[in-house]
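The values are calculated or read from the model by the stated rules, or taken from the named source; none is laboratory data. These numbers come from a predicted model, not from an experiment. FYI the Cβ positions are ideal-geometry reconstructions off the backbone, even for glycines, and counts take in every protein chain you see.
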Amino acid sequence: MAKRARAKLPGVVWAAGWVSFCSDAATELIFGVLPAFYLNTLTLGIVWVGMIEGLAETVVSMTKLFSGHLSDRSGARKPWMLFGYSLSGLSKPLLALVTGGVGVTILRTADRFGKGLRGAPRDALVAQAITQEQRGQAFGIQRSMDHAGALMGGLLAAVLLLAGAAPKTLMLLSAVPALATVLVIIFFIKEPARTPKPREPFSLRQSWRHASPELKKYIFAASIYALSNSSDLLLLALCYERFKASGLDDAQAMGLLPLLWALLHVVKTTGVHLGGAISDRVGRIPLLVGAWMAYALVYAGAALFAHATHPAWAFVLFVLYGFVAILQEGPERAIVADFEPNAQRRGTAYGLLDFMTGILLLPASLLAVGLWKAFGADVAMAVDAAIAFVAALALAMLFPRHKQRAQSSSEPAPEVE
């Protein structure tokens with residue numbers, strides 16, 4: 001029975017995967033050119049880059065807490081997904097119209113606000129539709145399709161840039177996959193009828209109080225890890241600087257960034273679904289400890305790369321970064337469902353985790369850019385590596401014998417609707 005359930009996932013899982021595919025194609029069509037857009041087109045400094053992206057990612061996570069709670073309370077996930085993906089899709093092409101730091105900050109924040117609205121309801125919808133034994137597999141597939149869309153967007157961006165397209169052209173073209181995202185939600189996302197919960201007011205304190213002890217411990221360790229998670233855009237900015245230092249002109253350096261980002265998603269796409277499925281059998285915690293250790297090694301490598309002169313090092317670094325996602329992304333979403341036995345509260349549980357870790361993303365990015373300005377990029381990356389290592393040790397110590405195998409849990413599997 002377990003094998004048959006694992007082989008056949010509900011249609012909503014695949015529909016949610018296609019939503020992620022189209023949305024990430026739009027996102028990654030422009031993400032690779034943002035460092036050059038910030039630093040050259042808008043002539044902003046590295047501190048602006050860290051502030052904009054750190055603030056944007058903080059808004060994502062703070063919003064997820066409220067959207068998760070509200071989707072739990074209303075009994076509906078789809079409307080929150082539709083509004084969130086629509087807002088993000090509209091914000092991307094409008095970037096082509098901005099001329100300064102304030103405008104890009106508003107639009108990037110609006111984009112990430114939309115992501116925050118949609119994330120927890122989408123994850124809760126997927127968790128609701130699957131059996132307990134399918135969690136790692138389902139979330140791994142969802143993340144895999146997310147990365148496949150990102151790969152397509154990154155490759156398309158690289159082709160267009162090498163053909164002479166300007167970054168603003170890519171921003172305008174992002175409206176096409178963004179529209180496809182909305183259409184998939186409207187016509188293919190089906191959610192079962194649910195009874196709304198009583199209209200209780202939102203309370204962060206109550207959300208924390210109702211969280212299980214295991215979820216609280218996991219959030220504590222994940223919050224330490226979040227302090228090492230400065231924006232990925234800083235990694236791309238470092239590569240952009242090293243490409244130019246190696247003798248490439250600005251157009252060549254900018255054209256390599258989407259290829260670099262696409263390579264990352266090649267690795268993620270080919271393996272991230274395996275990480276989720278493996279965690280169903282061997283446990284979430286061991287894989288996450290390994291993932292956080294690997295993240296520390298990647299950032300230690302980035303510290304060394306800050307003095308490298310050959311562009312090939314950037315591609316090696318991003319391949320290794322992809323393996324971090326293989327170990328991490330499926331298990332980190334599935335473990336929330338493991339630690340929240342009440343299916344009616346899982347939207348709030350996902351939002352709580354994202355909020356508690358997300359409020360640290362802006363300090364993480366500001367810490368990184370502050371160290372970068374004061375001591376250099378190598379010191380900034382080395383400090384991120386050290387924080388991630390401490391987080392991995394904390395997770396291992398908090399769950400010393402925790403296997404977290406879905407099959408061995410005493411919780412009955414939810415019915416597939």
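At-a-glance table
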{"quantity": "Members of the stretch 56-115 found to be surrounded by 20 or more Cβ atoms within 10 Å (Cβ to Cβ) and not in a helix (DSSP H, G or I), listed by number", "calculated": "77"}
{"quantity": "Residue list for the stretch 376-417, filter: modelled with pLDDT under 70, surrounded by 15 or more Cβ atoms within 10 Å (Cβ to Cβ) and either under 23 Å from residue 288 (Cα atoms) or in contact with a His (Cβ under 6 Å, 6 or more places away or on another chain) (or both)", "calculated": "402, 404, 405, 406"}
{"quantity": "Of all residues making up the stretch 286-316, the number that are of a type in the set (A, V, I, L, M), touching a Leu at 6+ places or on another chain (Cβ under 8 Å) and part of a helix (DSSP H, G or I)", "calculated": "9"}
{"quantity": "The stretch 156-177 residues that are touching a residue at least 40 places away in the same chain (Cβ under 8 Å), paired with ones that are buried (at least 18 other Cβ atoms within 10 Å of the Cβ) and not in a helix (DSSP H, G or I) (beta carbon under 8 Å, 6 or more apart)", "calculated": "157/32; 157/33; 158/32; 161/33; 167/33; 170/33"}
{"quantity": "In the stretch 242-269, residue modelled with the highest pLDDT [restricted to those that are buried (at least 21 other Cβ atoms within 10 Å of the Cβ) and among the charged types (D, E, K, R)]", "calculated": "242"}
{"quantity": "Scan of the stretch 121-170 for residues that are of a type outside the set (A, V, I, L, M, F, W, C) and not in a helix (DSSP H, G or I), ordered by number", "calculated": "131, 164"}
{"quantity": "Residue list for the stretch 150-188, restricted to those being within 24 Å of residue 11 (Cα to Cα) and modelled with pLDDT under 90", "calculated": "150, 151"}
{"quantity": "Sole residue being charged (D, E, K, R), under 16 Å from residue 35 (Cα atoms) and in contact (Cβ under 8 Å) with a residue 12 or more places away in the chain, chosen from 250, 280", "calculated": "250"}
{"quantity": "Conditions (1) closer than 22 Å to residue 271 by Cβ; (2) crowded, with 22+ Cβ neighbours inside 10 Å; number of the one not met by residue 152", "calculated": "(2)"}
{"quantity": "Single condition residue 127 does not satisfy, out of (1) touching a Ser or Thr at 6+ places or on another chain (Cβ under 6 Å); (2) aliphatic (A, V, I, L, M); (3) crowded, with 24+ Cβ neighbours inside 10 Å", "calculated": "(1)"}
{"quantity": "Condition broken by residue 320, with the remaining ones in (1) buried (at least 19 other Cβ atoms within 10 Å of the Cβ); (2) modelled with pLDDT of 90 or more; (3) not acidic (Asp, Glu) satisfied", "calculated": "(1)"}
{"quantity": "Selection count where residues are among the acidic types (Asp, Glu) and surrounded by 24 or more Cβ atoms within 10 Å (Cβ to Cβ), scope the stretch 130-145", "calculated": "0"}
{"quantity": "Pairs, first in contact (Cβ under 8 Å) with a residue 60 or more places away in the chain and farther than 13 Å from residue 288 by Cα in the stretch 214-228, second of a type in the set (S, T, N, Q) and assigned to a helix (DSSP H, G or I), C-beta under 6 Å, six or more apart", "calculated": "223/357; 226/357"}
{"quantity": "So residue 146, is it closer than 20 Å to residue 78 by Cα, in contact with an Asp or Glu (Cβ under 9 Å, 6 or more places away or on another chain) and of a type in the set (Asp, Glu)", "calculated": "yes"}
{"quantity": "All positions within the stretch 240-258 that are of a type in the set (S, T, N, Q) and either touching a Cys at 6+ places or on another chain (Cβ under 8 Å) or part of a helix (DSSP H, G or I) (or both)", "calculated": "252"}
{"quantity": "Selection count where residues are of a type in the set (Ser, Thr, Tyr) and free of Cβ contacts under 8 Å to residues at least 24 places away in the same chain, scope the stretch 27-65", "calculated": "1"}
{"quantity": "Test: residue in the stretch 86-104 that is hydrophobic (A, V, I, L, M, F, W, C) and within 17 Å of the chain's Cα centre (by Cα)", "calculated": "no"}
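Yes or no, residue by residue, for (1) crowded, with 24+ Cβ neighbours inside 10 Å; (2) among the charged types (D, E, K, R); (3) part of a loop (DSSP other than H, G, I, E, B):
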| site | (1), (2), (3) |
| --- | --- |
| 333 | yes, yes, no |
| 341 | no, no, yes |
| 345 | no, yes, no |
| 350 | yes, no, no |
| 370 | no, no, no |
| 374 | no, no, no |
